[in-house]
Amino acid sequence: MEEKDDMFLVNSLFIQNSIYPSLLGVLPYKNKEWRFFETNRNFNEIFDKIRDEFDLTACNEIFFNIGPGSYTGIRQTIASVLGLVLGYVVKGKENFKAYPFTSFNLVRYVTNTPKAPLFIQALPPIERQGTNIPIEEIKGFVNYKEQDLYMSFQEFRKKHREGVLYLSERYISDVANSYILATPHDINEETLMGFIEHIKNTRKGIDNLSALTKVSAFYINPVNITIPRSET
């Protein structure tokens, strides 16, 4: 492959493929400006394009979402990170660090809600965005007081009369005003750059290969991530 100039040498890589919107980000050495690419339904294609257009061999850090969320998306993320490191696409450097984070970490940051009960929608699939979805069909991931669960929105509403809802689809018109509503629009370039700095400043990061290979994907009820419980 033809050697690329400094404009395409990547310092940092960001992978968020667990919840909608799925994003890949690169931070080149030369201009130090993050570039984010939406990868929804086309992760492998966009990731291959980035590897073709940018030089990842000088990468010093990788930020990646380990879940919960899309079962396939989480697997793609973990495989991509380990493939880059174990395959020496990202050449081992003394100052290299990896920063795994969760979907809960990301949504809590963009909504500035470190402790409130949090519900991240998992179902129905994103293809039904904009449709009038029955409330009994809505299921998602719940994070509250160190408990991580998978439940219907009806169950969540019975347990928590207030909190944060991260919704990948436009509906739920009858929720109480006490809920903080967040959507994919809240995960944007500005909030992502702030989140990345937050992770980097508050975590040590993983700096050895042995520890990186032991990072566990964060699955919550993976069997039901893509189909409702009633259909399993």
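In table form, for the structure just shown:
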quantity: Yes/no for Ile46 being free of Cβ contacts under 8 Å to residues at least 40 places away in the same chain and either in contact with a Ser or Thr (Cβ under 8 Å, 6 or more places away or on another chain) or crowded, with 20+ Cβ neighbours inside 10 Å (or both); calculated: yes
quantity: Every residue from the range 46-100 that is closer than 23 Å to Thr202 by Cα and hydroxyl-bearing (Ser, Thr, Tyr); calculated: Thr77, Tyr99
quantity: Spans of helices (runs of 4 or more DSSP H) in the range 147-226 with at least 2 residues touching a helix residue (DSSP H, G or I) at 6+ places or on another chain (Cβ under 8 Å) and modelled with pLDDT of 90 or more; calculated: 189-202
quantity: Residue list for the range 36-60, filter: more than 16 Å from the chain's Cα centre (by Cα) and not in a helix (DSSP H, G or I); calculated: Phe54, Asp55, Leu56, Thr57, Ala58, Cys59, Asn60
quantity: Filter result (of a type in the set (D, E, K, R) and in contact (Cβ under 8 Å) with a residue 40 or more places away in the chain) within the range 15-43; calculated: none
quantity: Which numbered condition Gly67 misses (of (1) part of a loop (DSSP other than H, G, I, E, B); (2) at pLDDT below 90); calculated: (2)
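The rows are residues; the columns are (1) assigned by TED's automatic domain parsing to the domain that holds Met151; (2) in contact with a helix residue (DSSP H, G or I) (Cβ under 8 Å, 6 or more places away or on another chain); (3) not charged (D, E, K, R).
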{"residue": "Ser18", "(1), (2), (3)": "no, yes, yes"}
{"residue": "Leu23", "(1), (2), (3)": "no, yes, yes"}
{"residue": "Glu53", "(1), (2), (3)": "no, yes, no"}
{"residue": "Leu56", "(1), (2), (3)": "no, yes, yes"}
{"residue": "Ile62", "(1), (2), (3)": "no, yes, yes"}
{"residue": "Thr72", "(1), (2), (3)": "no, no, yes"}
{"residue": "Thr77", "(1), (2), (3)": "no, no, yes"}
{"residue": "Leu82", "(1), (2), (3)": "no, yes, yes"}
{"residue": "Val85", "(1), (2), (3)": "no, yes, yes"}
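The values are calculated or read from the model by the stated rules, or taken from the named source; none is laboratory data. Just so you know, these numbers come straight off a predicted model, no measurement behind them. A quick note on method: Cβ atoms are made from the backbone with ideal geometry, for glycine too, and the neighbour counts reach across all protein chains shown.
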